[in-house]
1. Taking the Cα-to-Cβ direction at Met420 and at Arg306 and moving 7 Å from each Cα, how far apart do the two end points lie in nm?
2. Taking square-rooted eigenvalues a ≥ b ≥ c of the alpha carbon gyration tensor, is region 264-320 rounded, prolate or oblate, where a/c under 1.5 means rounded and, failing that, a/b exceeding b/c means prolate?
3. Quick one: which residues, 5+ away or cross-chain, put their amide H under 5 Å from the amide H of His49? H built at 1.01 Å from N.
4. Counting each DSSP H run of 4 or more residues in the chain as -39500 (n - 2.57), what helix-only mean residue ellipticity at 222 nm follows after dividing by all residues, to the nearest 500 deg cm²/dmol?
5. Filter Lys153/Lys351; Lys57/Lys372; Lys289/Lys351; Lys8/Lys53 down to the pairs with a C-alpha to C-alpha distance above 25 Å, please.
6. Can you compute 3J(HN,Hα) from phi for each residue in region 179-191, using the Karplus curve 6.51 cos²θ - 1.76 cosθ + 1.60 with θ = phi - 60°, rounded to whole Hz and x for Gly and Pro?
7. How many nm is it between the label spots at Arg98 and Ala190, if each spot is 7 Å from the Cα in line with the beta carbon?
8. Zone of Ala150 (label point 7 Å along Cα→Cβ, backbone N under 17 Å): which residues in region 176-218?
Amino acid sequence: MAKQLFIKTFGCQMNVHDSARMADVMAPLGYALTEDAGAADIVLLNTCHIREKAAEKVYSELGRLRRRIEARRRAGGETLLAVAGCVAQAEGPELLARAPFVDLVLGPLTLFRLPEFVAQAHRALAAGACPVAADGGRKGLGLIDTDFPAEPKFDHLPAPGVQGPSAFLSIQEGCDRFCTFCVVPYTRGAEYCRPAADIIAEAEALIAGGAVEITLLGQNVNGWRDADGTRFGDLLRRLAGLPGLKALRYTTSHPREVDDALIAAHGELQVLVPFLHLPVQSGSDRILKAMNRGHTAAHYLDLVARLKAARPGLMVSSDFIVGFPGESEADFAATLEVVERADVIQAFAFKYSPRPGTPAASLPDQVPEAVKEERLARLMARLDARQMAFNQASVGRRFPVLLDRPGRRPGQLVGRSPYMQPVHVMTETARLGELVEVEIEAAHPHSLAGVILEAPPRQDPERACA
Ligand code: 5AD
Ligand code: SF4
C-alpha cells in the first residue's frame, strides 16, 4: 500500500503551489496524498508568517495534530511531523522550543530536499534516536533545514504534474522591496526570476496537459525580468501567443513595477483578463513613505487610470493595511478615498501586525488594537458594499467562465468570472473543466449565479477575457 502524506497549507497561493510541489517530490518515493492526518506516515504543515494570527494558527494546529499522531503511535504506527514554509524559515529554533515534538523543519526555498530529509529522519529513528514512550509520546527529531540555497529551487523540482484546466505557474520568488511591515524578504529571500525559456516550456506543458487558464505566481510577479533585461510585459506577450491558452492572470503585483510595456500589454492581449490584483496598502502618502512602498497615492491612481484606459472594463482589487504605526484618522480617511477613486471592487484588508525583525515593528506610535479594529470594520463595510454593487452590476452581463469545481447543490458547477467572482450554474457534471459563456442572472454578496449560453464564447474586449 502507498505510504500516506498529509499536507495542510496556510497562507498564500504560492504556499498552495509549494505544497503541490512537495507532494510531487514525494510521489516517486511512494507517497500518496491523504486527507486523514491520523492515518498519515508524514504530517506536514506548510505555514505562513505574514501576520501574527497566521503564525499562531500553526501552533494550535500542531497541538491538535500531536494528539492524533500519538494515538497512531500507540497503535503501532510511526508518523513524522514536519513544518515547512515561512514560519519554519522565520522561527526554526524557536518553533522547536515551543513544539519539541516536531521532527522536521524545512524552509520554503529548500522544499525540494524533503525526500532526503525524510530519509535522514528514518535513518535517525531506525538508529533509535527517539524511542516511543509507553504513553505513545516521543520527543521530536528536531532536524532543521532552513538555508538559503545557492541554487534556485526550481532547478531541483520535477516538471509539475497535470493541473487541469486552471493551472498555476511560479515565475518568480522572493522580494527585494523591503516594505517595512513585511516578512517576505526575510522568509523567501532575495528575488529570483526563472528564465523565460523555462517558463514558456512549463506553460506549454501545462497547456498540453489541458490547462486553458494560467495564473503566473510570484511575490513581486511583475518585477520579473530575464537575465538579458527582458521585462514582464514581454513575457506576457510571449505567453499570450501560445496556442490553446484562453486566459492569463498574474499575482501579486507591485505598483512600482507597472511600466508602459505592461500597460500596453493589457491593451493588446485579449487573453489577459481585465482584472488585476494591485495592492496599494494605504491611501496616505505619509504612511506609504513610512511603509517604504516607493509610490504615492496619486501614482497608484494614475496607473489604475492608465490601465483602465488601455483595457476597457479592467478593474482592480487591492490589499490594505489599517493601523500602520502613526496612522492618523486623516491618513485612514485617505485610504477610504483611494478605495473609491481606484474603484476597487474586491480587496483583502488587514490590521497591521508587527512582525519581529521588520523595521515597522519598532516604530513609535503603534496604533491601539481598538482603533485598528474600528478602522478595519469601517473599511470592510465599504469594501463589502462595493463588492456587492459590482456583483449587482454584473447581472445581465455575459462572462467566460471556466467550470472548475462542483457546487454544494446536486447538478451545480462553479467557476470564476474574469473578475474572480464565483459563478454558480446548473448543468451536468460532465461539463467540469469546460470554458463556457454564462449570462449572469443573480448577484449575492460573494458570488453570482447564471445560465450557460450554448454558443461558443464570443470575443468582446469590453466584457470578456476570452
Ligand atoms: N500586517 C498586516 N498585513 C500585512 N501584510 C503583509 N505584512 C503585513 C503585516 N505585517 C498584508 C499586505 C500584503 C498582504 C499579502 O498581506 O497587505 O499585501
Ligand atoms: Fe512584502 Fe512589499 Fe515585497 Fe510585497 S512588495 S512581498 S509587501 S516586501
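None of the figures in this text is laboratory data; all of them are computed from the coordinates on show. All of these numbers come straight from a predicted model, not from anything done at the bench. Reconstructed Cβ throughout: ideal geometry from the backbone, glycine too, with neighbour counts over all protein chains shown.
1. Output for this residue pair reads 2.3 nm.
2. prolate
3. Cys86, Val87
4. Here the helix-only value at 222 nm equals -10500 deg cm²/dmol.
5. From the list (Lys153/Lys351; Lys57/Lys372; Lys289/Lys351; Lys8/Lys53), the Cα-Cα distance tops 25 Å for Lys153/Lys351.
6. Those phi angles translate into 4, 6, 9, 9, 8, 3, x, 8, 8, 9, x, 5, 4 Hz.
7. Each label point is offset 7 Å from its Cα along the Cβ direction, giving 3.0 nm.
8. 190
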